[in-house]
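Since the structure comes first, as structure tokens, the remarks are kept for the end.
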Amino acid sequence: MKSERTVLVRINPIRCRGHAICSLLFSEGIELDQWGYGRVAEETAEGRRSIRRAYRAAAACPNGAVEVVQLGPSGEQQPPGKPPLHVLREQ
């Protein structure tokens with residue numbers, strides 16, 4: 001049985017300019033507030049599809065406001081790095 005990875009999704013409210021691209025690409029994890037700025041609805045993303053969408057939302061943000069941090073097996077944060085290519089590819 002494969003262990004599922006988990007990532008933590010964050011939005012920097014200072015960098016967010018309300019483009020709303022993140023909520024289009026990762027609608028299950030990011031929602032828009034009343035002014036159209038992104039906020040995290042689900043702090044963690046689990047499963048291959050949700051993780052892929054979270055990384056795509058982070059890559060598409062023109063201001064770099066969306067951050068995805070990979071969590072280790074016991075919930076600790078892993079050092080930052082680029083997501084693996086297989087995560088970003090369309091399947």
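Quick note: the coordinates plus some simple rules give every number you see, no bench work behind them. Quantities reported herein were computed from a predicted structural model and do not represent experimental measurements. Cβ sites come from the backbone with ideal geometry, for glycine too, and all protein chains shown count toward neighbours.
Miscellaneous remarks
- Unique residue being within 15 Å of Pro62 (Cα to Cα) and surrounded by 13 or more Cβ atoms within 10 Å (Cβ to Cβ) when the list is Ser23, Ser27: Ser23
- Screening Glu43 with (1) surrounded by 13 or more Cβ atoms within 10 Å (Cβ to Cβ); (2) touching a residue at least 24 places away in the same chain (Cβ under 8 Å) gives one miss only, at (1).
- Count of region 1-58 residues which are within 14 Å of Gln70 (Cβ to Cβ) and β-branched (Val, Ile, Thr): 5
- Subset of region 17-61 (residues that are part of a loop (DSSP other than H, G, I, E, B) and within 17 Å of Val7 (Cβ to Cβ)): Phe26, Ser27, Glu28, Gly29, Ala41, Glu42, Glu43, Gly47, Cys61
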